[in-house]
Structure formats: structure tokens, C-alpha cells
Amino acid sequence: MYAFAQETVTIPKERLEELERKEAELEKLKAATKAQPTIQNPTAKKQDEAVPQKTVSIVAPAPSETPSLASLTPLQKDTVVSATDLAAHYRANAALADERYRKRTFKVQGEIVGFEKPALVRNYNILLKTAEPQTRIICDFYPPENFKAVYTINAGAVLVGTLPDTRVPIAKIGDNVVIEGRCKGLSGGGVKLTNCELKVAK
């Protein structure tokens, strides 16, 4: 038989105590970790929480009120009527509006929103913007005789006239204009003015 010698490792007492102390601390840490509840990521928690929304009240500007027909002064040739007011008066009460405007010559002011060319005539209809698209202001405009021809360019956005040696812009969509004409009342889907002259174009 062979006898095997058993190796004996001698550990200093201080080292042994240190190892035992560290092992005890490790056990305490394990026990403390088990006892502690799971801590959620604070960032994730913030994302999960419903963030209260601030309600912003947007107050729309009050539309300018159209003066009533009864409050208006007598209509004169130099009276300038807003295209919006003229359309509103006819929408509210066409009969009363006719009493004030029909067969009267006066000026109407508004923004050009389009041009229409009736067939077989030289005239052009200048359309003015209103608050109600169903009631247009239609100004039957007869171009000056010195123009050889009158037509629209830029996809109908600009009305021009041709002289013997040049082309002259007359008006364009977006212009704020004053037009003088004689009111015919409701006609052709709007309030129509005839014999119109373009007084001011901006």
C-alpha cells in the first residue's frame, strides 16, 4: 500500500478572520437585496404617468358686424359700400336691400377673387370677395376703348389689356379695389353691378 501525504495549508489567523468577515458581509447583502422591493426606473415611471394637459382656450376674433339697413344714411353716388356688407344685406332681406341699392349708382369696395368672361361680349365680370360664397358681388366691367383686346393671363389671375405697342395690367386677383357701378339687384348667383368703372386698384 502506498500512503499519500496530505498537504496542510496554514492560513494566518488575521487572514482567516478577514475572510470570515467578508463572507458574513456578503450574506447580509444577499439578505438585504431579497428584502428590498423592486425599484422601477424613475424615467419609465414618469413616462407611464399621465401628464396633465393644459387646456388653452383660443378665442376667435369677433367678426365685424354688418350695419343694419335702417341705421344707414341715404345712399349717394359717392357712397362706398363694402362688398361684404352689400352681400350680407341681400342675404338678410333682398326686398329691403333692393329698396336701398337697386337702380342706384354707388361705389363698392372689396378684394378681387376672380374674373369671368361672358360669351360674345367684350365685357369682363370682376368678382369681389364676400363672407358668404353663395352671394357674390359681380361687377360687369367694360374695358376702356383704347385697348385693342382684353384677356386674362397667369391662369386667369391677371386681367390685362393690349395697346398698339404694349400690354397693360388692369387688375389682378388679391387687389383691393373700389368699383363704381349701377346695382341690378340679385342676378346670376350674386349681386350684380353694371356699367362698372374701376376707380382704385391696390
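Here is how the numbers come out for the structure above:
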| quantity | calculated |
| --- | --- |
| GLU111 acidic (Asp, Glu), at pLDDT 95 or above and open to solvent by 40 Å² or more (accessible area, probe 1.4 Å) | yes |
| Residues that are β-branched (Val, Ile, Thr) and over 25 Å from HIS89 (Cβ atoms), drawn from the stretch 121-176 | VAL121, VAL150, THR152, ILE153, VAL158, VAL160, THR162, THR166, VAL168, ILE170 |
| Matching residues in the stretch 114-126 - criterion: being surrounded by fewer than 14 Cβ atoms within 10 Å (Cβ to Cβ) and of a type outside the set (Gly, Ala, Ser) | PRO118, LEU120, VAL121, ARG122 |
| LEU193 under 18 Å from VAL121 (Cβ atoms), under 30 Å from the mean Cα position of the chain (by Cα) and in contact (Cβ under 8 Å) with a residue 60 or more places away in the chain | no |
| Residue list for the stretch 77-128, restricted to those being among the β-branched types (Val, Ile, Thr), more than 30 Å from ASN154 (Cα to Cα) and part of a loop (DSSP other than H, G, I, E, B) | THR79 |
| Residue in the stretch 171-178 that is among the hydrophobic types (A, V, I, L, M, F, W, C), within 31 Å of the chain's Cα centre (by Cα) and over 13 Å from LEU128 (Cα atoms) present | no |
| Yes/no for TYR90 being out of contact with any His (no Cβ under 7 Å at 6 or more places or on another chain), more than 15 Å from ILE179 (Cα to Cα), among the aromatic types (Phe, Trp, Tyr) and surrounded by 14 or more Cβ atoms within 10 Å (Cβ to Cβ) | yes |
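Yes/no per residue for (1) open to solvent by 100 Å² or more (accessible area, probe 1.4 Å); (2) among the polar types (S, T, N, Q); (3) modelled with pLDDT under 75:
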site	(1), (2), (3)
GLU20	yes, no, no
LYS46	yes, no, yes
ILE58	yes, no, yes
PRO63	yes, no, yes
GLN76	yes, yes, no
LEU86	no, no, no
ALA94	no, no, no
PHE106	no, no, no
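The values are calculated or read from the model by the stated rules, or taken from the named source; none is laboratory data. Small disclaimer: the values here were computed from a predicted structure and weren't measured. Every residue, glycine among them, receives a Cβ derived from its backbone with ideal geometry; neighbour counts consider all protein chains shown. The accessibility values were calculated without ligands, DNA or RNA, using every heavy atom of the protein model including side chains. Shrake-Rupley method; radii C 1.70, N 1.55, O 1.52, S 1.80 Å.
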